[in-house]
Amino acid sequence: MSTLQNDTLIRALTRQPTPYTPVWLMRQAGRYLPEYNDARRRAGSFLALCKTPSLATEVTLQPLERFRLDAAILFSDILTIPDAMGLGLYFADGEGPRLERPLRDEASIARLAVPDPAEDLRYVGDAVAEIRRALAGRVPLIGFAGSPYTLACYMVEGGASEDWRTVKAMLYKRPDLLHRLLETNSRAVSALLNAQIEAGAQVTMIFDTWGGSLPAAAYREFSLAYMEKVLSRLKRGEGSARVPVIVFTKGGAPWLEQIAAIGCDCVGLDWSPDLGEARQRIGKRVALQGNLDPMVLLASPEEVRRETEKVLESYGSGAGHVFNLGHGVPQLAQPENVEALVAAVHELSPKFHR
Ligand code: CP3
């Protein structure tokens, strides 16, 4: 960690003072960048990009060549875990992720094994190591995984869903089965995150994209409890080498206090809560990441700058804020708008750190 030229992200995540607010963006590498689409064409598919460390490295660095971002995020996907479990991941054009063999019965869930990150997911650790070498200490590298519940959503449903009816039906009909799957997933997630940390990831983030579709009590029992288990198994290191953890539940605003209590360093917010109010609720315990509405990136650079300033003002003065969107960069975002966002954070935030 001492080799980092820019450690503002690490400092903000641990609520130490910084000269300005660090900024990175979920999905900062992606289809809004022409050079990403070019790399994907060369790779042949999105999965080939993920599974070829030299290409994953190239794509990870692309947004950093354009914008003054304060972090890199590993180019990969949360669904590499179900893929390594043999569920047959593929991406049908324009339809999002699909699994050939979704889990619908007791036998298939009982059969499921935790993938060994050194074998079936070796390309992930290899990519982390190669990205660290390529970054040469410019900014920290964020590793990530999906939450056990979010993975279960795709694994049971077989793909994206409007209402997640199949996994929720299992939750009510066979909670024992879902618990069994979540236990397996939580072991797979902690093993993969530990492998990323070992390979050089300096921050870890858990994406709980679908926990927010649950009622409060079910969220605690089926999503939050398993993220807590993951955190309890992480080899986070100590002192200056300690790896901060960000937990992001989309739609998690009603439960911020509970999320802040599972042992994370930072809570990621989607675009819905007022950042200042979230800070009042949990800002004394954890750092906060977010929370500009991604759709602002479909407006003009002036509007992006104005909305960025509102988010900075909402957090107010002091340490503990990592600027981000409330969800990923939309595919139709103009790169000049992303440029305007990153520039605005660097230009407008120093006054909140004096
Ligand atoms: O943020 C980054 O730049 C790092 C890379 C990253 C990707 N996926 C690359 C990707 C990360 C952190 C993810 C996480 C992820 N993947 C989540 C959690 C965050 C979220 O978005 O809610 C989820 C639910 C997935 C599963 C997934 N992968 C979906 C639903 C899709 C299809 C939707 C879409 O936007 O196309 C993907 C594909 C995917 N993952 C793409 C990228 C750049 C697009 C693939 C392509 O067509 O090139």
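Computed quantities for the displayed model
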quantity: Residues (in contact (Cβ under 8 Å) with a residue 24 or more places away in the chain and more than 11 Å from the ligand (Cβ to nearest atom)) located in segment 65-80; calculated: ARG66, PHE67, ARG68, ASP70
quantity: Members of segment 243-290 that are crowded, with 22+ Cβ neighbours inside 10 Å and among the polar types (S, T, N, Q); calculated: THR249, GLN289
quantity: Segments classed as strands (runs of 3 or more DSSP E), wholly inside segment 199-292, with at least 1 members that are β-branched (Val, Ile, Thr) and more than 20 Å from PRO17 (Cα to Cα); calculated: 203-208, 245-249
quantity: Filtered residues of segment 86-115 (kept if among the hydrophobic types (A, V, I, L, M, F, W, C), closer than 25 Å to TYR172 by Cβ and within 15 Å of the ligand (Cβ to nearest atom)); calculated: LEU87, LEU99
quantity: Residue in segment 70-78 that is of a type in the set (Val, Ile, Thr), touching a helix residue (DSSP H, G or I) at 6+ places or on another chain (Cβ under 7 Å) and in a helix (DSSP H, G or I) present; calculated: no
quantity: Residue in segment 294-302 that is within 12 Å of the ligand (Cβ to nearest atom), modelled with pLDDT of 95 or more, farther than 16 Å from PHE352 by Cβ and crowded, with 16+ Cβ neighbours inside 10 Å present; calculated: yes
quantity: Lone unmet requirement of (1) more than 14 Å from the ligand (Cβ to nearest atom); (2) surrounded by fewer than 18 Cβ atoms within 10 Å (Cβ to Cβ) for THR18; calculated: (2)
quantity: Cross-chain or 6+ apart pairs with Cβ under 7 Å, segment 187-211 first and farther than 30 Å from ARG165 by Cβ, then among the basic types (Lys, Arg); calculated: ASN194/LYS235; ILE197/LYS235; GLY200/ARG132
quantity: Among the residues listed as ALA56, ALA84, ALA136, the single one being out of contact with any Pro (no Cβ under 9 Å at 6 or more places or on another chain) and on the phi < 0 side of the Ramachandran plot; calculated: ALA56
quantity: Residue check, ARG31 part of a helix (DSSP H, G or I), surrounded by 15 or more Cβ atoms within 10 Å (Cβ to Cβ) and near the ligand (Cβ under 9 Å from one of its atoms); calculated: no
quantity: Enumeration of residues in segment 132-169 that are in a strand (DSSP E or B) and of a type in the set (Asp, Glu); calculated: none
quantity: Single residue of segment 34-58 satisfying the filter (buried (at least 17 other Cβ atoms within 10 Å of the Cβ) and more than 26 Å from GLN334 (Cβ to Cβ)) that is nearest to the ligand (Cβ to nearest atom); calculated: LEU47
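Yes or no, residue by residue, for (1) under 21 Å from the mean Cα position of the chain (by Cα); (2) among the charged types (D, E, K, R):
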{"residue": "LEU9", "(1), (2)": "yes, no"}
{"residue": "ARG15", "(1), (2)": "yes, yes"}
{"residue": "THR18", "(1), (2)": "no, no"}
{"residue": "ALA43", "(1), (2)": "no, no"}
{"residue": "SER108", "(1), (2)": "no, no"}
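Residues checked against (1) more than 22 Å from the chain's Cα centre (by Cα); (2) of a type in the set (S, T, N, Q); (3) not in a loop (DSSP other than H, G, I, E, B):
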{"residue": "GLU307", "(1), (2), (3)": "yes, no, yes"}
{"residue": "GLU313", "(1), (2), (3)": "yes, no, yes"}
{"residue": "PRO330", "(1), (2), (3)": "no, no, no"}
{"residue": "LEU341", "(1), (2), (3)": "no, no, yes"}
{"residue": "GLU347", "(1), (2), (3)": "yes, no, yes"}
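The values are calculated or read from the model by the stated rules, or taken from the named source; none is laboratory data. Here the structure is a predicted model, which is why all the values come from computation and not from measurement. Heads up, the Cβs are rebuilt from the backbone with ideal geometry, glycines too, and the neighbour counts pull from every protein chain shown.
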